[in-house]
Amino acid sequence: MLYKILNNLSESKIEKLRPVAIKYLSNDLEGPGSEAASDRLVVDRKWAQLINHFASDNKRKYMINRDYVNFLKAIIYLYQTSSTSTQVGVLKAPTEVYQVISTVKKSFEDATASLGIK
């Protein structure tokens, strides 16, 4: 029951943050940061795959959503604090922001690979 409530809270945060982050990344696909942006858009697809896989497991679903919210916040922070592309923004960002992005990306890649999700 607790994880169901926590999922509702994290899903409402995702509903607010995801469109903004996806818009930033999509707009950056044409510029010099296109490789970094497309690499980060893969995280969005992996998140959707993991959520579908764990649809009935509220605890794992919450943990995935929590990581994804942190990822979205980091992406939004990069774009709001940098006037250049996200690739350049990562070089100037605090290490914690870069660590969140790379850790969530690696975690989602490992999880989808170990579960055999394609």
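Bear in mind these aren't lab numbers, they're just calculated from the coordinates by the rules spelled out. All values derive from a computational prediction rather than experimental measurement. Reconstructed Cβ throughout: ideal geometry from the backbone, glycine too, with neighbour counts over all protein chains shown.
Annotations for the structure displayed:
- Placing pseudo-labels 7 Å out from each Cα toward the beta carbon at Leu9 and Gln49 gives an inter-label distance of 3.0 nm.
- Answer label for Cα extents along the principal axes in Å (calculated), chosen among [x] 37, 31, 29; [y] 43, 29, 24; [z] 50, 25, 24: [y]
- Among the listed pairs Lys61/Lys106; Lys16/Lys61; Lys16/Lys118; Lys59/Lys106; Lys61/Lys118, those with a Cα-Cα distance over 23 Å are Lys16/Lys118.
- Counting only alpha carbon atoms, the long axis of helix 95-115 and the longest principal axis of the chain meet at about 50°.
- Helix 58-81 and the long axis of the chain differ in direction by around 10°, with both axes built from C-alpha atoms.
- Amide H contacts under 5 Å for Ile117, placed H, 5+ residues apart: none
- Think of it as helices only: each DSSP H run of n ≥ 4 in the chain is worth -39500 (n - 2.57), and spread over all residues that comes to -28500 deg cm²/dmol at 222 nm.
- Nearest 10 degrees, 0 to 90: helix 34-53 Cα axis against the chain principal axis: 10
- Cα centre as origin, Lys/Arg/Asp/Glu Cβ charges: the chain dipole, Debye: 380
- Cα centroid separation - region 1-16 against region 21-61, whole Å: 18
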